[in-house]
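Student: Following this message is one structure expressed as structure tokens.
The values are calculated or read from the model by the stated rules, or taken from the named source; none is laboratory data. Note that the structure is predicted; figures quoted are calculated from it, not measured. Backbone-built Cβ (ideal geometry, glycine too); neighbour counts: all protein chains shown. Surface accessibility is based on the protein's heavy atoms, side chains included, excluding ligands, DNA and RNA. Shrake-Rupley method; radii C 1.70, N 1.55, O 1.52, S 1.80 Å.
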Amino acid sequence: MKQNDNKKIKQTSQIIEKLRKTNPLIDCITNYVTVNDCANAVLALGASPAMSTEELEAIEFTQISNAVVINMGSPLQINLTTMQMVALEAKKTNTPLILDPVAVGVTSLRNQTTQSLIKLATPDIIRGNMSEIKAIGQLFNITQTDSKAKGVDVAEDDIISDENVEENAYLVAKIAKELQTTIAVSGVMDIITNGDEIYLVDNGNEVMSQITGTGCMLTCIMGAYSAVVNPLDAAIISTLAMTIAGDQARDKMIQKDEGSASFRTYLIDELYKMNAETIIENAKLYKIK
């Protein structure tokens, strides 16, 4: 039987107010499809988003930012150089770097870009679905598990379940340890590991996948929390805040007999209202290792 890690829940819940008191600047090179939602999610939790993609100012924004997010949801040729410049500058300035390798494993461009960014500047956090993380394992010859995402969505065989969560968790931990990073795998259940410690978050619901951008929003939220705490705890509190907000937004949507557009609005509302008490009361966080 799963046992809540109440000590870790209480510890990470305190990061909610730490972020609001600090109000860090987060530079987000993100998916143009979801850029507005990402900015609003970061704002709702108390950080300051800068949605900069211009090559001519990329280094300057990185130098003044408290964390940097690179999302490959729409890897336009014009943005690829910017991503590399930002990654190198983040390494130089020791600025937390969060990478969202959307649809890696699907096209050569995304594979090459992901490999390049990870080699240039080891990200503090890599966030993706199980298919994307498995693809990274293959690209770096860490694992031989065959996987190919369904476009930007996780392959059906890679969906995390009670039956396969432990196997997947140790696989992800192996990749994280080899790449010297923290990996956050999002899905029906979420796996978070730095290679040594492994946590499972079992909040969240199916409605999260019915609107665009929840993954992109979560990545930007991880950027915000990475500015004030270590990568593992940043990934944990980000996932808890996002999935608990999703649960509460779904309940409100159902109660009012509304649809996914209302869910999207309620999700931002719940992120805005998020506090330590809500985390402690609702978190389902389990330590696997």
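Student: What size of dipole, in debye to the nearest 20, comes out for the chain about its Cα centre when the only charges are +1 on Lys and Arg C-beta atoms and -1 on Asp and Glu C-beta atoms?
Tutor: For the chain, the charge dipole is close to 560 debye.
Student: Among Asn203, Thr95, Ser226, which residue has its Cα positioned farthest towards the positive end of the charge dipole of region 88-239, with +1 placed on the Cβ of Lys and Arg, -1 on the Cβ of Asp and Glu, and the dipole taken about the Cα centre?
Tutor: Among Asn203, Thr95, Ser226, the one farthest towards the positive end of the dipole of region 88-239 is Thr95.
Student: Could you work out which residue, out of Ser13, Ser209, Ser131, moves most in a Gaussian network model of the chain, that is, has the largest mean-square fluctuation with Cα springs under 10 Å?
Tutor: Ser209
Student: I would also like to ask the following. Given labels modelled 7 Å from the Cα in the Cβ direction, how far is it in nm from Gln255 to Gln3?
Tutor: The answer from the label model is 3.4 nm.
Student: Would you tally the net charge around Asn40, using a Cβ to Cβ cut-off of less than 15 Å, leaving Asn40 out, and scoring K and R as +1, D and E as -1?
Tutor: Taking every other residue near Asn40 into account, the sum is -1.
Student: While we're on this one: Classify region 150-242 from the C-alpha gyration tensor, please: rounded if a/c falls under 1.5, else prolate or oblate depending on whether a/b exceeds b/c.
Tutor: Here region 150-242 falls in the oblate category.
Student: So what is the 222 nm mean residue ellipticity for the chain from helices alone, if each DSSP H run of at least 4 adds -39500 (n - 2.57) and you divide by all residues, rounding to the nearest 500 deg cm²/dmol?
Tutor: -16000 deg cm²/dmol
Student: For region 170-289, build the charge dipole from Cβ charges (+1 Lys, Arg; -1 Asp, Glu) around the Cα centre, then report which of Ala249, Ile237, Leu179 sits farthest towards its positive end.
Tutor: With unit charges placed on the Cβ atoms, the residue in question is Leu179.
Student: Additional query: Rounded to the nearest whole Å², what accessible area per residue is found for region 118-274 with the 1.4 Å probe?
Tutor: With all protein chains present, region 118-274 gives 40 Å² per residue.
Student: Could you tell me which label, among [x] 77, 56, 35; [y] 46, 40, 35; [z] 60, 48, 35, carries the value of Cα extents along the principal axes in Å calculated for this structure?
Tutor: [y]
Student: Pairs to check: Lys10/Lys92; Lys252/Lys284; Lys2/Lys177. Give those whose C-alpha atoms are more than 27 Å from each other in this structure.
Tutor: Cα-Cα > 27 Å for Lys10/Lys92; rest within.
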